[in-house]
Each structure stands twice: as C-alpha cells, then as structure tokens.
Amino acid sequence: GQAVGGAIADVLSGKVNPSGKLSETFPKRLKDVSSYLTFPGRDGHAIYGERFFTGYRYFDEKGIQPLYPFGYGLSYTTFSFSNMKVSSTSIKDSDSLDVRVTVKNTGGRAGKEVVQLYVHDHIKDVKQPVKELKDFAKVALNPGQSKEVHFKLGFRDFAYYDTEISDWKVETGKFDIMVGGSSDNLPLQKTVEVTSTNTKYPPLTRNSLLRDFRNNPKGKAIYDKIINGMVNAMMGGNTNASQNDAARKQAVQMIRGYIDAMPISKLVTMSNGRFTEQMLNQMLQSVKQ
C-alpha cells in the first residue's frame, strides 16, 4: 500500500527489526532441488519421485549446502542458545518428553528469535529423513534478556507412518533432540532412548520376506525351523552342537544373509521338494492374524 516505502526504510535503517525466518530452502542452483529430474514431467504426467525428501530433508540426505537453509533469517541483533534440559533420557512411546532451552539476546537491539526443535532417528531399518522439524516457538527479547523455552514431545514426534500396517509406529531406539535457530544451525543436542510399547506387525503372507517372519513373534518359530533345517542339510545332518558350534554359527549367518531378503514362497521352488506348497500354506495358516 501507500506506506510500503516508509516500512522498507524503517527495516533498512534498523528502526524496525523484522526477525523473519525462511519457511523454505533456497538452493544455490536449480539442479540442487529434489524435483529437478522429474519436473515438470512429460506427456501430462508428473512424477513425485522425491517422496518425503523435499526441502531441507533432501539437502540433508544428499549433503548439499544450500544458499540459505530452512529456518534461516536476518536480524539486527544476535542470539545464543544454552542450558538444554530433557525430562528424561529414557521414555516409553506412550510418555511425553519435556525439553527446555534458554535463549538470550546477546546483541544491542530488541528482536525476535524462532527457536526450532528437530528430531534425528538413529534407526536404520526404515528410510527416514536425517532430521525433521517437530516444534518451534517465537520469542521476543530485549538486549541482554534471557528466556527459557519449553517444548513437549509425544508419540507422533518419534513415529513414522508404516504403510504395511497402515498406522503410525515407533521403533525402539535412540533419538537425537536438536535445537537452534535454523535447520543448519543446531548447537544444542540431547539423545534419548524411546521404547515402543504397542508394536504392530504387518500380516504374514506368501510374499512376506523371511526377515519379516524373524521379526514377528508369531513367525519367529517358523523362521528358526527353516534356518535349522537348512543348517542341518548343509552340515550333512550332523547336529552335534558341542563339536560344531562355531561352524553352525557361521552357517546360520551365511544362510540368513542369503534368505532374509527373500519371499518365503521362493523356498517352494528352490528346495527340490523338501518344502512344499502344502507346507507353506500350513505355516501361513498357523500365523494368520
């Protein structure tokens, strides 16, 4: 409007400290963005191949330094982050986690800072972003003033959506809680252990991988039976565990590496009749959920 000139003058002269933050990532080159190879598409079709690796998640995954990171902003003052505290270093996924940090205006002007909290999942079984923004808070501080900022994290902050069970799921493991002023400036970090209390498993079918049976309480006995049968066959039927303990452990590791990523139905075609379609159907019936 008619006051835009005066507003710009106030910002440029420092009379006003806008303390704005970017809600997107600015790349150095167009080639650095995740959709570069698939946008705008061809023949009326656009492929969203980046999945959830958009914005800062893609730059983190590829180790690409952006021009300006997500959450970045300029100010006429400076801020420091300190005294990070978590209510516990070990929680259940049904518990909440309190996170507190102290923010201080270390400059000579009043200003606002957006305190950003990200979570990094140590678990490697599922493809996840390096870190994800989970909460943020904007605080106004006068020169030299400090303020404690409080965040509360819950189940969804540690969960990912598992398409096989069509629900949110937390895997037991370690999570880093990181706090700072942008996705590229996170000076504070604490690690917590989160234990899953309501583990759900995908249904076991003929297309399920052998490792799905190993990780499923109902399928574990079947997996062990298959492994033991293959080990015994490999060792010529010799089941003397005391004499062959080292050899059996080696055989188990080798067989697991070979079959864990294989659908259980493949055993029918590769077992030369020792594992039949009828046996497979009986096993699947026994673990039916």
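The residues in region 35-58 that are part of a loop (DSSP other than H, G, I, E, B) and over 23 Å from residue 186 (Cα atoms) can be counted, and the count is 15.
When the residues of region 38-58 are filtered to those that are aromatic (Phe, Trp, Tyr) and touching a residue at least 40 places away in the same chain (Cβ under 8 Å), the one that is farthest from residue 126 (Cα to Cα) is 56. Residues that are under 13 Å from residue 133 (Cβ atoms) and open to solvent by 80 Å² or more (accessible area, probe 1.4 Å) within region 157-191 comprise just one, 184. Take the conditions charged (D, E, K, R), under 18 Å from residue 57 (Cα atoms) and within 17 Å of the chain's Cα centre (by Cα) and apply them to residue 121. Does it pass? Yes, satisfied.
May I ask you to list the residues in region 203-232 that are of a type in the set (S, T, N, Q) and open to solvent by less than 50 Å² (accessible area, probe 1.4 Å)? Result: 208, 216, 232. For beta carbons closer than 8 Å, sequence separation of 6+ or different chains, a first residue in region 251-263 that is farther than 16 Å from residue 220 by Cα and part of a helix (DSSP H, G or I) and a second that is open to solvent by less than 70 Å² (accessible area, probe 1.4 Å) and not aliphatic (A, V, I, L, M), there are no qualifying pairs. The single condition among (1) more than 26 Å from residue 53 (Cβ to Cβ); (2) of a type outside the set (S, T, N, Q); (3) in contact with a Ser or Thr (Cβ under 9 Å, 6 or more places away or on another chain); (4) open to solvent by 30 Å² or more (accessible area, probe 1.4 Å) that residue 150 does not satisfy is (3).
When we screen 56, 48 for residues that are open to solvent by 100 Å² or more (accessible area, probe 1.4 Å) and either modelled with pLDDT under 90 or out of contact with any helix residue (DSSP H, G or I) (no Cβ under 7 Å at 6 or more places or on another chain) (or both), the only hit is 48. Within region 272-285, residues that are assigned to a helix (DSSP H, G or I) and surrounded by 15 or more Cβ atoms within 10 Å (Cβ to Cβ) reach partners that are at pLDDT 85 or above and of a type in the set (Lys, Arg) with beta carbons closer than 9 Å, at six or more positions or on different chains, in the pairs 280/206; 284/206.
Return yes when residue 94 is free of Cβ contacts under 8 Å to residues at least 24 places away in the same chain and over 30 Å from residue 62 (Cβ atoms) and no when it is not. Criteria not met by residue 94. Where residues in region 1-28 are open to solvent by less than 80 Å² (accessible area, probe 1.4 Å), assigned to a loop (DSSP other than H, G, I, E, B) and not small (Gly, Ala, Ser), which of them is farthest from residue 67 (Cα to Cα)? The selected residue is 16. Just checking, does region 29-37 include any residue being free of Cβ contacts under 8 Å to residues at least 24 places away in the same chain, more than 34 Å from the chain's Cα centre (by Cα), closer than 26 Å to residue 183 by Cβ and surrounded by 11 or more Cβ atoms within 10 Å (Cβ to Cβ)? No, region 29-37 has no match at all.
Within region 59-69, the residues that satisfy the criterion of being out of contact with any Leu (no Cβ under 7 Å at 6 or more places or on another chain) and either open to solvent by 80 Å² or more (accessible area, probe 1.4 Å) or outside any loop (DSSP other than H, G, I, E, B) (or both) are 59, 60, 61, 62, 65, 67. Once region 133-182 is narrowed to residues that are of a type in the set (Val, Ile, Thr) and in contact (Cβ under 8 Å) with a residue 60 or more places away in the chain, the residue that is nearest to residue 23 (Cα to Cα) is 179.
The values are calculated or read from the model by the stated rules, or taken from the named source; none is laboratory data. Everything quoted here is computed from the prediction, not taken from an experiment. With ideal geometry, Cβ positions are generated from the backbone for all residues, glycine too; neighbour counts draw on all protein chains shown. Only protein heavy atoms, including side chains, enter the accessible area calculation; ligands, DNA and RNA are left aside. Shrake-Rupley method; radii C 1.70, N 1.55, O 1.52, S 1.80 Å.
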